[in-house]
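Any read-out appearing in this document is the output of simple, stated calculations on the displayed coordinates, not a laboratory observation. Keep in mind the model is a prediction, meaning the values are calculated, not measured. A quick note on method: Cβ atoms are made from the backbone with ideal geometry, for glycine too, and the neighbour counts reach across all protein chains shown.
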Amino acid sequence: MENELKKHYPKDWVVLQNRVAECFRGMSLDEKRLFILATPLARTTKVSSNDPVFISSSEFSRECGIDLSTAYTALETATDRLFTRFFSYTTCEGNRVKIRWVNKVIYLAGQGGTELYFTDEVLLLLREFDALNPYTKYKKEVVLRLKKDYSLDLYHLAKKHQLLGSFQISLDDLFQQLGLPESYKRIGNLKDRVIKPSLAEITANTDIELTYENIKRGRSVVGFKFILKEKPKLQNEHINRDESTVDMFHKLTEKQLDMFSSKLADLPAVQAMAHVGEDMKPFVARLRSMLMDAEQQKGLLPYLKEVGYTAA
């Protein structure tokens, strides 16, 4: 598994299990940047919880597009704050477990950098990617261009649902996933301070265009639908793609459409694409429609092969 990940996702890619991305909740922008810089190094090397992942101030400055003088202070503050962060989960027995992201941090003032010591549990999460551990990936240089507080979080959500071309989220879930303060409860404030500036920055600086629509119940806004469109890619930006099948539409029979849409809906990686509150039956029907659309089918091809589809 490790060799396969190194081959497909080198250090310039951020690859995170979808549940790991919850670490962004409540983090400052510089903490997020530090985490994004450090995790590919932890993923592609054999470091243990006793080994440091080193990020220099000059690297932090260069990768994040900030002045070196600013980077020293930003990196030190981000290091201190990251040490206080933890995540939690509930076991099958109902027990609540809390784990720190790092068990030790050292800011090396004389060397202008920081050392992070990830816990063993976190290192495992950063290295496991399969059907049981759905993940999201994107180029590190793309996400580090984002400078607004919530752009990175919305970009990750968009990339998580990229195959579907859109996703819906309730206001309650949006506040939870982005860790938004109460001051944004007023819709106008939320749109002007979070939604509009973040989507504008994402569209201007990343590989996708992101827009939104209101979801209303009566006259009240209860959530948003985000629509994403992938920008044209250069040929050398494609990684590990079978070029012979990229532009090929696979016409499935009615029986195949029924069978494979049901099988796809059982994959955890595909289940992550379901809309908030969407029941299984309409989700399967939507997957069936996607399989009949040439553009949307291309995104589902890797999962089709995983559930046993082979081209005639």
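A few remarks follow.
- DSSP-loop trypsin sites (Lys or Arg not before Pro) across the range 171-233, with at most 15 other Cβ within 10 angstrom: 185, 186, 219, 233
- For the range 111-181, applying the loop criterion from DSSP together with a ceiling of 14 other beta carbons within 10 Å to the trypsin sites (Lys or Arg not before Pro) yields 147.
- Non-local Lys pairs in the range 146-230, i.e. 8 or more apart or on different chains, that have alpha carbons under 17 Å apart: 14
- Using distinct alpha-carbon pairs, which all enter the 1/r mean, Kirkwood radius of the chain in Å: 21.1
- Spin-label model distance (nm) - residue 97 vs residue 200, 7 Å beyond Cα toward Cβ: 4.4
- Computed Kirkwood radius, in angstrom, where 1/r is averaged over Cα pairs of the range 169-238: 13.5
- Structure-based [θ]222 nm, the chain - -39500 (n - 2.57) summed over DSSP H runs of at least 4, per residue, nearest 500: -12000 deg cm²/dmol
- Tensor-based shape of the range 25-67 (alpha-carbon gyration tensor, a/c under 1.5 rounded, otherwise prolate or oblate): oblate
- Sites residue 48 and residue 231 - FRET efficiency at Förster radius 45 Å, r taken between beta-carbons, to 0.05: 0.70
- Tensor-based shape of the range 67-201 (alpha-carbon gyration tensor, a/c under 1.5 rounded, otherwise prolate or oblate): oblate
- The fewest-to-most ranking of 280, 27 by surrounding Cβ atoms within 10 Å reads 280, 27.
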